[in-house]
Amino acid sequence: MKKLQMVDLKSQYDKIKDTVNASVQEVLDTTTYINGPQVHQFQKSLEEYLGVKHVIPCANGTDALQIAMMGLGLKPGDEVITADFTFAATVEVIALLQLTPVLVDVDMDTMNISIDAIKKAITPNTKAIVPVHLFGRAANMEAIMQLALEHDLYVIEDNAQAIGANFTFKDGTKKKVGAIGHVASTSFFPSKNLGCYGDGGAIFTNDDALAHTLRGIVNHGMYVRYHHDVVGVNSRLDSMQAAVLNAKLPLLNEYNTARRAAAAKYNAAFANHKHIVTPAFDLNGDDHVFHQYTIRIVDADRNALMEHLQSKGVPCAIYYPIPLHSQKAYVDVRYREEDFPVTNQLVNEVISLAMHTELDAEQIQYITDSVLEFFK
């Protein structure tokens with residue numbers, strides 16, 4: 001059996017080595033390291049894949065989220081609602097821009113932001129909602145967009161974990177997540193479903209005027225060299241990373257299908273287990289692309305299970321062990337523990353198992369056997 005890893009980038013690279021190497025060599029040959037042809041090619045290819053009018057590449061996913069908020073012209077003190085159960089980057093950029101983060105609870109079944117919690121959190125100072133498509137599952141974008149319409153709010157999708165996933169509306173139409181809100185951000189961190197070999201990110205929007213503003217912000221506020229029209233930052237996707245992404249984007253659907261197939265094997269092994277709650281999803285659907293495969297351990301010792309798995313050489317991780325409202329940087333007197341019952345439960349129950357495109361049946365069998373062995 002191959003060595004188990006949470007993410008097996010080496011095996012993935014071995015399969016696409018020739019394509020990646022040729023794409024990177026083109027950058028070396030042309031020496032167009034910043035804003036070269038590979039960046040423009042990737043931008044256009046991703047626009048076509050997502051069905052979105054504008055992709056603005058940038059340096060990383062956190063920058064993408066920050067730049068999206070800068071482009072909307074949000075002012076210090078404006079309230080931005082987002083999920084309590086997610087990675088800190090989402091709330092980090094809100095705080096950095098001196099906006100007011102409003103953390104709300106999530107749904108138990110999807111672990112995505114709760115629509116009811118959003119409704120309760122909206123005030124006259126609310127200006128935006130940031131749904132996070134957590135672990136690769138599409139948040140309820142139809143309900144979120146309806147709330148935004150009713151209250152004149154912006155929707156900023158944090159799509160760092162779910163690129164390639166679709167959201168299906170009640171009328172049966174589908175849209176790629178990241179192409180539904182007013183603006184969206186994503187990350188191309190190496191472990192993502194579409195990852196480069198360093199840092200990278202992008203912003204998406206269908207708004208022409210906003211796209212123009214965003215393109216200036218990512219490049220020091222310049223549209224013409226040495227003419228600074230808006231306050232900007234230095235956040236560009238370099239050509240080397242774009243070269244890698246150009247090699248991998250045509251394989252993204254295949255990668256996501258492989259992840260769903262691995263998740264189905266996991267689910268089958270854990271079916272009807274009294275201590276394991278698996279993620280519900282339709283194998284033939286496309287609303288979940290499994291950036292992480294995360295289960296809940298109920299009425300059992302999750303931490304002891306983690307120690308057991310580590311002793312067996314089975315990689316695992318806890319995403320996320322501390323709610324954002326309890327993080328030292330974001331503690332606020334506005335937050336009450338009773339407002340976060342689901343998040344507070346999840347941080348004690350969740351555990352994520354290996355998930356990547358190269359998982360094979362033998363590896364999944366060993367992982368699932370090791371988990372089940374703990375409960376015997």
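The values are calculated or read from the model by the stated rules, or taken from the named source; none is laboratory data. Nothing here was measured: the structure is a model prediction, and the numbers come from that model. Because the Cβ atoms are built from the backbone with ideal geometry, glycine has one as well, and the counts that use them run over all protein chains shown. Areas reflect the complete protein model, heavy atoms only, side chains present, ligands, DNA and RNA absent. Shrake-Rupley method; radii C 1.70, N 1.55, O 1.52, S 1.80 Å.
Numbers at a glance
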{"quantity": "Enumeration of residues in region 142-167 that are in contact with a helix residue (DSSP H, G or I) (Cβ under 9 Å, 6 or more places away or on another chain) and farther than 21 Å from Glu79 by Cα", "calculated": "Ala160, Gln161, Ala162, Ile163, Gly164, Ala165, Phe167"}
{"quantity": "Odd one out for His275 among (1) under 30 Å from Ala22 (Cα atoms); (2) of a type outside the set (Phe, Trp, Tyr); (3) open to solvent by 10 Å² or more (accessible area, probe 1.4 Å); (4) out of contact with any Ser or Thr (no Cβ under 7 Å at 6 or more places or on another chain)", "calculated": "(1)"}
{"quantity": "Residues (over 26 Å from Asp286 (Cβ atoms), loosely packed, with under 15 Cβ neighbours inside 10 Å and at pLDDT 95 or above) located in region 228-258", "calculated": "Asn234"}
{"quantity": "Check on Asp332, surrounded by fewer than 20 Cβ atoms within 10 Å (Cβ to Cβ), among the acidic types (Asp, Glu) and within 27 Å of the chain's Cα centre (by Cα)", "calculated": "yes"}
{"quantity": "Of all residues making up region 259-272, the number that are of a type outside the set (Gly, Ala, Ser) and open to solvent by 50 Å² or more (accessible area, probe 1.4 Å)", "calculated": "2"}
{"quantity": "Subset tally (residues that are open to solvent by less than 20 Å² (accessible area, probe 1.4 Å) and either more than 24 Å from Ala262 (Cα to Cα) or assigned to a strand (DSSP E or B) (or both)) for region 348-367", "calculated": "4"}
{"quantity": "Matching option when the condition is more than 24 Å from Ala139 (Cβ to Cβ) and either of a type outside the set (Phe, Trp, Tyr) or without any contact (Cβ under 8 Å) to a residue 12 or more places away in the chain (or both), among Ala262, Ala247, Ala202", "calculated": "Ala247"}
{"quantity": "Val55, sole failed condition from (1) open to solvent by less than 10 Å² (accessible area, probe 1.4 Å); (2) assigned to a helix (DSSP H, G or I); (3) closer than 26 Å to Asp286 by Cβ", "calculated": "(2)"}
{"quantity": "Residue count, region 157-188 (criterion: farther than 16 Å from Cys58 by Cβ, crowded, with 24+ Cβ neighbours inside 10 Å and among the charged types (D, E, K, R))", "calculated": "0"}
{"quantity": "His308 vs. criteria open to solvent by less than 40 Å² (accessible area, probe 1.4 Å) and out of contact with any strand residue (DSSP E or B) (no Cβ under 8 Å at 6 or more places or on another chain)", "calculated": "yes"}
{"quantity": "Number of the exception - Ile94 against (1) free of Cβ contacts under 8 Å to residues at least 40 places away in the same chain; (2) part of a loop (DSSP other than H, G, I, E, B)", "calculated": "(2)"}
{"quantity": "Flag for Phe281 being at pLDDT below 95, crowded, with 17+ Cβ neighbours inside 10 Å and under 22 Å from Asp158 (Cβ atoms)", "calculated": "yes"}
{"quantity": "Check on Ser191, open to solvent by less than 20 Å² (accessible area, probe 1.4 Å), touching a helix residue (DSSP H, G or I) at 6+ places or on another chain (Cβ under 8 Å) and of a type in the set (S, T, N, Q)", "calculated": "no"}
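Here is a yes/no grid of residues against (1) of a type in the set (Ser, Thr, Tyr); (2) buried (at least 16 other Cβ atoms within 10 Å of the Cβ); (3) in contact with a strand residue (DSSP E or B) (Cβ under 9 Å, 6 or more places away or on another chain); (4) free of Cβ contacts under 8 Å to residues at least 12 places away in the same chain:
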{"site": "Leu9", "(1), (2), (3), (4)": "no, no, no, no"}
{"site": "Lys17", "(1), (2), (3), (4)": "no, no, no, yes"}
{"site": "Val20", "(1), (2), (3), (4)": "no, yes, no, no"}
{"site": "Gln25", "(1), (2), (3), (4)": "no, no, no, yes"}
{"site": "Phe42", "(1), (2), (3), (4)": "no, yes, yes, no"}
